[in-house]
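Comments concern the structure below.
Values quoted throughout were computed directly from the atomic coordinates according to the rules given, and no laboratory measurement underlies them. On a predicted model such as this, the values are computed, not experimentally measured, just so you know. So basically every Cβ, Gly included, is an ideal-geometry build from the backbone, and we count neighbours across all protein chains shown.
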Amino acid sequence: MRIGRILLGGLFIGAGFAHFALMRTYADIVPDYLPAHRELVLVSGAAQIAGGVGLLLPRTRRAAALGVAALVLLVFPANIWMAQHPERYPNVPQWLLWARLPLQIPLLFWVLCYARKSPQ
């Protein structure tokens with residue numbers, strides 16, 4: 001569980017920093033029907049970093065896991081948006097846009113493993 005937690009925390013920390021480094025790319029992923037693309041990218045990036053760090057700390061692990069799980073669910077519409085509009089993402093194979101949708105389910109369960117109350 002410890003190695004998995006470190007990997008998961010690192011994944012979210014890295015993804016969060018990518019939101020800042022590649023802001024334009026991430027802003028292009030935000031569905032058109034949502035406002036303030038740049039701000040949403042900044043907020044979600046900061047949330048990913050905070051959640052990733054929180055997963056690494058025993059006192060915040062449970063709350064961080066629940067927050068990261070909520071974030072995974074909240075950004076899922078952007079993943080669907082990308083799959084529905086592959087012409088906007090010519091550098092990403094269309095099969096990959098669709099294949100990553102079901103991968104959100106094991107990611108969500110992985111995150112929720114750390115939401116249990118028992119010490120890990």
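The C-alpha atoms of the chain define a longest principal axis, and helix 2-21 lies at about 40 degrees to it. Between THR60 and TRP95, the FRET efficiency from the beta-carbon distance, with R0 = 35 Å, is close to 0.40. Between helix 61-84 and the chain there is an angle of about 20 degrees, using the helix long axis and the longest principal axis of the Cα atoms. Averaged over residues, the count of other Cβ atoms within 10 Å places the peptides 33-44, 67-78 in the sequence 67-78, 33-44, highest first.
How far is helix 94-112 tilted off the main Cα axis of the chain, in degrees rounded to 10, range 0 to 90? Helix 94-112 sits roughly 20 degrees off the main axis of the chain. In this simple spin-label approximation, PHE17 and ARG88 carry label points 7 Å from Cα along the Cα→Cβ vector, and these lie 2.8 nm apart. Rounded to the nearest 20, the size of the Cβ-charge dipole of segment 2-115 about its Cα centre is 540 debye, with Lys and Arg at +1 and Asp and Glu at -1.
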